[in-house]
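Visitor: The structure's right below; bear with me while I get my questions together.
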Amino acid sequence: MAPRKRQIVEKLRSWYLWHRYLGLAAAIFAAWLAISGIVLNHTEDLALAEQPVNSEWLLDIYNIPKPDSLEGHEIAGRWIVDAGNRVYIDRLKVAKPQPMVTALPASYGFIIVFADAIQLYTEDGILVEEIPFTAGQGDIIAAEASEKGFLFRTLLASYSADEELLGFERLTGARTIRSPEPRAIPAALLTDLAGEIRASRLNQERLWLDLHSGRLFGMTGVWVADAAGIALLLLALSGIWIWQQRARARRRQRQSLQRARESE
């Protein structure tokens, strides 16, 4: 074999070995990126944003602690608990992802006041109706019970309503309206709610996003994800280079055979 041809063959073999080992290393990262990318492409179909992460070790990685205290209002033997963007009636989650303003007793049970709506409940904790607050501009920032029903305060005005909330009447003159102060809930109830509340602070969408980007493992994971991207790029470039070199070698071989036939 001619020295130049031997040199080309050895060079191709060297590049081929690097290409093969790089491909094996990149295959794992490619699968990781592909799977997580496909899952994220169907976030809405899989409802990932609504699914909490219940794994304790994953919650530990995110440094999400269990709440050591929660406050609420005890009405008719039930606790209405404010847990940030979640509200519970005892151990049952209220289907409204909003912090509550307050909870107030009523002859039929109680009401839960949100910034933009009021929910009416029976003593058994059954939702009767949700009434949007459209009496005036602005959200409700405070509410309290009155002799005839309820009083509500926004940043711009105050309103009164009967217990059934059939209508809102704007109050004239100065009137101080303060929501009742919440109290710490019992330890047994806190224990039952703490795990679910902790899990609610991390959803599957955030987890898959961090898996895809590598951020789940901090900056180390980000650098690994970057390395995976670079490895895939080098794999593509080395594959193209090897293909070009082999194509040139085959072309030279065909030219050599053609010259040999012509010289016969």
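The values are calculated or read from the model by the stated rules, or taken from the named source; none is laboratory data. This one's a predicted model, so the numbers in the text were calculated from it and none came from an experiment. Quick reminder, even Gly has a Cβ in these numbers, built from the backbone with ideal geometry, and neighbours come from all protein chains shown. Keep in mind that these areas ignore ligands, DNA and RNA; they rest on the heavy atoms of the full protein, side chains included. Shrake-Rupley method; radii C 1.70, N 1.55, O 1.52, S 1.80 Å.
Visitor: State whether one or more residues within the stretch 60-74 are modelled with pLDDT of 80 or more, more than 30 Å from residue 216 (Cα to Cα) and open to solvent by less than 50 Å² (accessible area, probe 1.4 Å). Let's see the steps before the verdict.
Guide: Going residue by residue through the stretch 60-74, those that are modelled with pLDDT of 80 or more are 60-74.
Next cut, more than 30 Å from residue 216 (Cα to Cα) only: 71-74.
Narrowing the set further to residues that are open to solvent by less than 50 Å² (accessible area, probe 1.4 Å) leaves 72-73.
Yes - at least one qualifying residue is present in the stretch 60-74.
Visitor: On the given criteria, is residue 30 more than 30 Å from residue 168 (Cα to Cα), surrounded by 15 or more Cβ atoms within 10 Å (Cβ to Cβ), in contact (Cβ under 8 Å) with a residue 60 or more places away in the chain and out of contact with any Phe, Trp or Tyr (no Cβ under 6 Å at 6 or more places or on another chain)? Before you say what the answer is, go through the steps one by one.
Guide: Details: more than 30 Å from residue 168 (Cα to Cα): yes; surrounded by 15 or more Cβ atoms within 10 Å (Cβ to Cβ): yes; in contact (Cβ under 8 Å) with a residue 60 or more places away in the chain: yes; out of contact with any Phe, Trp or Tyr (no Cβ under 6 Å at 6 or more places or on another chain): yes.
In short, yes.
Visitor: Somewhere in the stretch 140-147, is a residue buried (at least 17 other Cβ atoms within 10 Å of the Cβ) and not hydrophobic (A, V, I, L, M, F, W, C)? Please lay out each step first, then the result.
Guide: Of the residues in the stretch 140-147, the ones buried (at least 17 other Cβ atoms within 10 Å of the Cβ) are 140, 142-143.
Keeping just the survivors that are not hydrophobic (A, V, I, L, M, F, W, C) gives none.
No, the conditions are met nowhere in the stretch 140-147.
Visitor: Residue by residue through the stretch 154-167, note down the ones that are open to solvent by 60 Å² or more (accessible area, probe 1.4 Å) and under 15 Å from residue 111 (Cβ atoms).
Guide: In the first step, residues of the stretch 154-167 are kept if they are open to solvent by 60 Å² or more (accessible area, probe 1.4 Å); the result is 155-156, 164, 166.
Listed by number, the residues that qualify are 164, 166.
Visitor: Are any residues in the stretch 193-215 more than 23 Å from residue 95 (Cα to Cα), more than 13 Å from the chain's Cα centre (by Cα) and open to solvent by less than 60 Å² (accessible area, probe 1.4 Å), and if so, which ones? Before the answer, list the steps.
Guide: Taking the stretch 193-215 and keeping what is more than 23 Å from residue 95 (Cα to Cα), we get 207-215.
Okay, now just the ones that are also more than 13 Å from the chain's Cα centre (by Cα), so 212-215.
The answer is 213, 214.
Visitor: Another question, if that's okay. Filter the stretch 101-114 down to residues that are in a loop (DSSP other than H, G, I, E, B) and at pLDDT 95 or above and give me whichever is farthest from residue 177 (Cα to Cα). If you could, list the steps in order and put the result at the bottom.
Guide: Residues of the stretch 101-114 that are in a loop (DSSP other than H, G, I, E, B), as a first pass: 101, 107-108, 114.
Among the residues that remain, those that are also at pLDDT 95 or above are: 101, 114.
Values: 101: 13, 114: 15 Å.
Result: 114.
Visitor: Right, another one. Going residue by residue through the stretch 180-192, is there one that turns out to be among the acidic types (Asp, Glu), touching a residue at least 60 places away in the same chain (Cβ under 8 Å) and crowded, with 16+ Cβ neighbours inside 10 Å?
Guide: Applying the first criterion (among the acidic types (Asp, Glu)) to the stretch 180-192 yields 181, 192.
Imposing the further condition that a residue be touching a residue at least 60 places away in the same chain (Cβ under 8 Å) reduces the set to 192.
With the extra rule that they be crowded, with 16+ Cβ neighbours inside 10 Å, the set shrinks to none.
Taking every residue of the stretch 180-192 in turn, none turns out to be among the acidic types (Asp, Glu), touching a residue at least 60 places away in the same chain (Cβ under 8 Å) and crowded, with 16+ Cβ neighbours inside 10 Å.
Visitor: Please name all residue pairs, on different chains or six or more residues apart, with Cβ atoms under 6 Å, provided the first residue is in the stretch 42-71 and is in contact (Cβ under 8 Å) with a residue 24 or more places away in the chain and the second residue is acidic (Asp, Glu).
Guide: Cβ pairs passing all conditions: 43/205; 48/205; 49/205.
Visitor: Another question, then. Within the stretch 33-53, track down each residue that is touching a helix residue (DSSP H, G or I) at 6+ places or on another chain (Cβ under 8 Å) and open to solvent by less than 60 Å² (accessible area, probe 1.4 Å).
Guide: Step one: filter the stretch 33-53 for residues touching a helix residue (DSSP H, G or I) at 6+ places or on another chain (Cβ under 8 Å), giving 33, 36-37, 39-40, 43, 46, 48-49, 51-53.
33, 36, 37, 39, 40, 43, 48, 49, 52, 53 - these are the residues of the stretch 33-53 that are touching a helix residue (DSSP H, G or I) at 6+ places or on another chain (Cβ under 8 Å) and open to solvent by less than 60 Å² (accessible area, probe 1.4 Å).
Visitor: Related question: Which residue pairs have Cβ atoms under 7 Å apart, sit 6 or more places apart or on different chains, and have a first residue in the stretch 74-86 that is over 17 Å from residue 191 (Cβ atoms) and a second that is at pLDDT below 90 and open to solvent by 60 Å² or more (accessible area, probe 1.4 Å)?
Guide: What qualifies is 85/97.
Visitor: Check every one of the strands (runs of 3 or more DSSP E) wholly within the stretch 121-210 and list those with 3 or more residues that are modelled with pLDDT under 90. Reasoning before the result, please.
Guide: Numbers: elements: 127-132, 142-145, 149-153, 158-162, 168-170.
Here the list is empty.
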